[in-house]
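See below for the structure under consideration.
Quick note: the coordinates plus some simple rules give every number you see, no bench work behind them. Not measured: the values here are computed from a predicted model. Quick reminder, even Gly has a Cβ in these numbers, built from the backbone with ideal geometry, and neighbours come from all protein chains shown.
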């Protein structure tokens, strides 16, 4: 079973996490701490693979336990949404109309951009 492990200290590494789980009596198949792809720094969460028979027990016994000064959040990992992180946010098309009349939008003088939601802003340059 793949487990999500959150609220990891940024200093923690795979061997620290393996020691934590071994002290809890859990045999770990694999540990992956997620890191920033540019800096290589830990992102504060990771994944641990444990035998399916131990998964529920690990969640109940280790969730909320202190690890290097922080309370861990441990639960069953969920599949990543299609498209990866941020994919659930749909792009919103922005429709912009240009009004040149001085009285086009509540007294704003000069070219005005009016978004589809009715918010207007003065255009200073193109």
Checklist line | Residues in segment 9-51 reached by a label modelled at residue 66 [backbone nitrogen below 20 Å; 7 Å Cα→Cβ] | finding: 9-13, 16-25
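Using a/c under 1.5 as the rounded threshold, could you call segment 2-76 rounded, prolate or oblate? The axes a ≥ b ≥ c are square roots of the C-alpha gyration tensor eigenvalues, and prolate needs a/b larger than b/c, oblate otherwise. Intermediate results must be reported in sequence, preceding the final value.
On the way: a/c = 1.86, a/b = 1.54, b/c = 1.21.
Prolate.
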Note to self: Contact order normalised by length for segment 2-76, with contacts defined as Cα pairs under 8 Å and 6 or more residues apart; what percent is it?
What the structure shows: 43
Margin query: Can you compute the modelled spin-label distance between residue 38 and residue 11, with each label point 7 Å from Cα toward Cβ, in nm?
Written below: 2.6
